[in-house]
Amino acid sequence: MTAPADTALAPQKAKSNDAASPPGVVMADRILILDFGSQVTQLIARRIREAGVYCEILPFNAPAERIREFGAKGIVLSGGPASVYAGTSPRAPGFVFDLGVPVLGICYGEQAICEQLGGKVEGSDHREFGRATVEVIGDCALFDGVWRKGDRSQVWMSHGDKISAIPEGFRVVATSDGSPYAAIADDGRRIYGVQFHLEVAHTPDGARLLANFARKIAGCSGDWSMAAFKQQAIEAIRRQVGKGRVICGLSGGVDSSVAAALIHEAIGSQLTCIFVDHGLLRAGEAAQVVELFRNHYNIPLVHRDASALFLGQLAGIEDPERKRKIIGGLFIDVFEEEAKKIGGADFLAQGTLYPDVIESVSFTGGPSVTIKSHHNVGGLPERMRMKLVEPLRELFKDEVRALGQELGLPATMIRRHPFPGPGLAIRVLGDITAEKLAILRKADAIYLEEISQAGLYDKIWQAFAVLLPVRTVGVMGDARTYDQVCALRAVTSTDGMTADFFPFPMDLLGRIGTRIVNEVRGINRVVYDVTSKPPGTIEWE
């Protein structure tokens, strides 16, 4: 959960590449999550993986053979926005209750269990959104070692409907003021349902309950580790690529850097990296990319300085969406030019992460083939005729960082805050000029330097400066100024799904603002953004 990838550009279909996804890394013990559209379904997968168990997410209407072939030792039914009693609402595939593996329904998932197995769900005048307290009225395997009968615990609710009757064979094991069936269990069939969200941080014991389901109820061994993944991924890359040549679009960000290092360890000189420098990077980043990959790792690297081309095409453009599209289109063109110069390749490598894969899956269709690169552009052009190598497509952002550590990448690169593909183009609000970029780079560098020196960099998910499209009157010394305003943003997050502003000490904010105004000519005012991001937010600019 990079921050999750920018999904502003609609994916484009690439018919010749539709079957080009690489073989995945197969773990023996696996949990499958069927998604009904919850904003926080990804968090279920994260929590289960944190318990050392591999899992994946499929839409609720995935083909039956795909669900069966996955070979899950347990199935989780996610939450969702629909009312289960509505005629067009989604349903869990009926056969999942007959596979003989444990099933856990969360929120809408519990309601689907009840509706489909003979219970009843209806609208409620007592909706529950936010913190709630459940009372445990019965012991069950899901609560083993976490809750006991008589306990009262905080949970997070998000539902407007209620279960009014449970199916035969189920018993109530927890209640809340608004949910008489807050948790139910059919011990014989090992089917469980909870009305609250186990996966969010606001249910403090939720991760332990999910671990109970995966480890104790489903019997998974918990062997999911980055060391195991690394070795299996290397073997999978070698099987897929054979003696073919691979090119990788390298940005210097965490995702593409880890992908490049992993592929290089697998196939060595068969990999060539292409670094398209669009002139929109932070201070010193282009030189860092070249030094690390060409000089330190000795990976064949093509460095194309295309900054003049990009800035020329972006001149006078103010709309951020147009900026993204221009950058994405130019990136493909320049990348393709450089690929032709080196004689082409059989495979294109990119740092697609699991959130990108999930976000490309709709309820009614399959995954769209996208080229992420560091610009999140729309689609892999059919004319490129290359198969994709996506060795990170099973991983979340924190897992990618752990893999980078396994691969020996420098800590400064692994820890780097997420940086969107359009880069400074969407952090210069309004039209872009070389002068504005220089001003912003210097302000941003001061900002990051100060939070690093204060020991706060690793406590912040993402921090960056923005040049606002306004100018203000100020007085500096004995002179009146009319210069630009710089906004600073810093957010905390544990999962990339929700975020809150970072509570800087006022003296540090004052020092940062003073340094920027004093040292960056062209800025005479600094402001700090204290807005938060609600659940499900995937944009960070």
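Of note:
- Among the criteria (1) under 30 Å from GLU399 (Cβ atoms); (2) of a type outside the set (Ser, Thr, Tyr); (3) not in a helix (DSSP H, G or I), the one ARG215 does not fulfil is (3).
- Top-ranked residue in the stretch 311-345 [being in contact with a strand residue (DSSP E or B) (Cβ under 9 Å, 6 or more places away or on another chain) and without any contact (Cβ under 8 Å) to a residue 40 or more places away in the chain; ranked as farthest from VAL276 (Cα to Cα)]: LYS341
- Residues in the stretch 62-90 that are among the hydrophobic types (A, V, I, L, M, F, W, C) and assigned to a helix (DSSP H, G or I): ALA64, ILE67, PHE70.
- Restricting attention to the stretch 273-319 and to residues that are more than 28 Å from the chain's Cα centre (by Cα) and polar (S, T, N, Q), the residue that is farthest from ALA260 (Cα to Cα) turns out to be GLN313.
- Note on the stretch 230-267: among residues that are charged (D, E, K, R) and under 18 Å from ARG401 (Cβ atoms), the one that is least open to solvent (accessible area, probe 1.4 Å) is ASP255.
- For the stretch 427-446, taking the residues that are in contact with a strand residue (DSSP E or B) (Cβ under 6 Å, 6 or more places away or on another chain) and under 12 Å from ARG282 (Cβ atoms), the one that is surrounded by the fewest Cβ atoms within 10 Å (Cβ to Cβ) is identified as ASP444.
- Answer residue from the stretch 36-46, given it is touching a Pro at 6+ places or on another chain (Cβ under 8 Å) and open to solvent by less than 20 Å² (accessible area, probe 1.4 Å) and is nearest to LEU353 (Cα to Cα) among those: GLN42
- The stretch 172-218, residues that are over 18 Å from PHE129 (Cβ atoms) and in contact with a His (Cβ under 8 Å, 6 or more places away or on another chain): none
- So GLY404, is it part of a helix (DSSP H, G or I), at pLDDT 85 or above and open to solvent by less than 30 Å² (accessible area, probe 1.4 Å): yes
- Selection from the stretch 61-77 of residues that are under 25 Å from GLY123 (Cβ atoms) and modelled with pLDDT under 95: ASN61
- Pairs are defined by a Cβ separation below 8 Å, a sequence spacing of at least 6 or placement on different chains, a first member in the stretch 411-438 that is farther than 18 Å from LEU250 by Cβ and part of a loop (DSSP other than H, G, I, E, B), and a second member that is charged (D, E, K, R) and open to solvent by less than 30 Å² (accessible area, probe 1.4 Å); the pairs so defined are ARG427/ASP444; ILE432/LYS323.
- Failed criterion for GLN270 (all others in (1) under 18 Å from LEU348 (Cβ atoms); (2) under 25 Å from the mean Cα position of the chain (by Cα); (3) open to solvent by 20 Å² or more (accessible area, probe 1.4 Å) hold): (2)
So that you can scan it fast, the table gives a plain yes or no per residue for (1) part of a strand (DSSP E or B); (2) open to solvent by 10 Å² or more (accessible area, probe 1.4 Å); (3) closer than 28 Å to ASP356 by Cβ; (4) of a type outside the set (D, E, K, R):
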| position | (1), (2), (3), (4) |
| --- | --- |
| LEU448 | no, yes, yes, yes |
| GLY455 | no, yes, no, yes |
| PRO469 | yes, yes, no, yes |
| THR472 | yes, yes, no, yes |
| GLN484 | yes, yes, no, yes |
| ARG511 | no, yes, no, no |
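- Neighbours by Cβ (under 6 Å, 6+ apart or cross-chain): first from the stretch 507-521, farther than 15 Å from LEU467 by Cβ; second open to solvent by less than 40 Å² (accessible area, probe 1.4 Å): ILE512/TYR447; ILE512/GLU450; ARG515/ILE446
- Residue within the stretch 128-139 that is in contact with a Pro (Cβ under 9 Å, 6 or more places away or on another chain) and under 20 Å from GLY79 (Cβ atoms) present: no
- The set of residues in the stretch 47-76 being among the aromatic types (Phe, Trp, Tyr) and crowded, with 20+ Cβ neighbours inside 10 Å consists of TYR54, PHE60.
- Flag for GLU135 being modelled with pLDDT of 95 or more and either within 30 Å of the chain's Cα centre (by Cα) or among the small types (Gly, Ala, Ser) (or both): no
- Here the condition is being under 21 Å from GLU285 (Cβ atoms), modelled with pLDDT of 85 or more and basic (Lys, Arg); of LYS341, LYS323, it holds for LYS323 alone.
The values are calculated or read from the model by the stated rules, or taken from the named source; none is laboratory data. Note that the coordinates shown come from a computational prediction; the quantities given were computed from them, not determined experimentally. Neighbour counts are summed over all protein chains in view; Cβ atoms, including those assigned to glycine, are modelled from backbone coordinates with ideal geometry. SASA here: full protein model, heavy atoms, side chains in, ligands and nucleic acids out. Shrake-Rupley method; radii C 1.70, N 1.55, O 1.52, S 1.80 Å.
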